[in-house]
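Structure first, then comments.
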Amino acid sequence: MKAVTVAGDRIECDQLEEGRHGVVLYHADRVVGYVPYERLERVAETRSPVASSSIRSIGYDDEEETLEVEFESGGVYRYADVSRETYEAFLGARSHGSYFHENVRGQYDYHRIR
């Protein structure tokens, strides 16, 4: 999931804990951030788990047209300018790893976010 601040910052996390004045964000049982409620725009689920030996979860952001892929190794990558149709085909693929290698890898600009 991710927390988005009113300034547009995005903080990746696995879980969050609501406090009196804001949310505490965790990844792998470590605190990775804190956002006061007045600075918090939204918290959104970013990826859905998939059954794959190499890919843990995939997700899509319609506003930014970005695809997120979390690998079993723990790395999370964000791919730019990906169509919703590509995401839906990836999500529904018989083999997520094969779909990734044939249709995503090397086709889009990306950066590692974790």
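The values are calculated or read from the model by the stated rules, or taken from the named source; none is laboratory data. All of these numbers come straight from a predicted model, not from anything done at the bench. Cβ placement follows ideal geometry from the backbone for every residue including glycine, while neighbour counts extend to all protein chains displayed.
Among the residues of region 1-59, which ones are surrounded by 11 or more Cβ atoms within 10 Å (Cβ to Cβ), more than 20 Å from residue 87 (Cβ to Cβ) and among the basic types (Lys, Arg)? Once the filter is applied, which keeps residues that are surrounded by 11 or more Cβ atoms within 10 Å (Cβ to Cβ), more than 20 Å from residue 87 (Cβ to Cβ) and among the basic types (Lys, Arg), region 1-59 yields only 39.
For residue 79, all conditions in the list (1) surrounded by fewer than 17 Cβ atoms within 10 Å (Cβ to Cβ); (2) among the hydroxyl-bearing types (Ser, Thr, Tyr); (3) over 16 Å from residue 13 (Cβ atoms) hold save one; what is the number of the exception? Only one criterion in (1) surrounded by fewer than 17 Cβ atoms within 10 Å (Cβ to Cβ); (2) among the hydroxyl-bearing types (Ser, Thr, Tyr); (3) over 16 Å from residue 13 (Cβ atoms) is unmet by residue 79, namely (1).
Looking only at region 88-110, residues that are outside any helix (DSSP H, G or I), within 16 Å of the chain's Cα centre (by Cα) and either modelled with pLDDT under 95 or hydrophobic (A, V, I, L, M, F, W, C) (or both) come to 1 in all. Restricting attention to region 27-44 and to residues that are at pLDDT 90 or above and among the β-branched types (Val, Ile, Thr), the residue that is farthest from residue 13 (Cα to Cα) turns out to be 35. Scanning region 1-56 for residues that are part of a loop (DSSP other than H, G, I, E, B), β-branched (Val, Ile, Thr) and under 18 Å from the mean Cα position of the chain (by Cα) yields a total of 2. Within region 74-86, the presence of at least one residue that is free of Cβ contacts under 8 Å to residues at least 24 places away in the same chain and in a loop (DSSP other than H, G, I, E, B) is confirmed.
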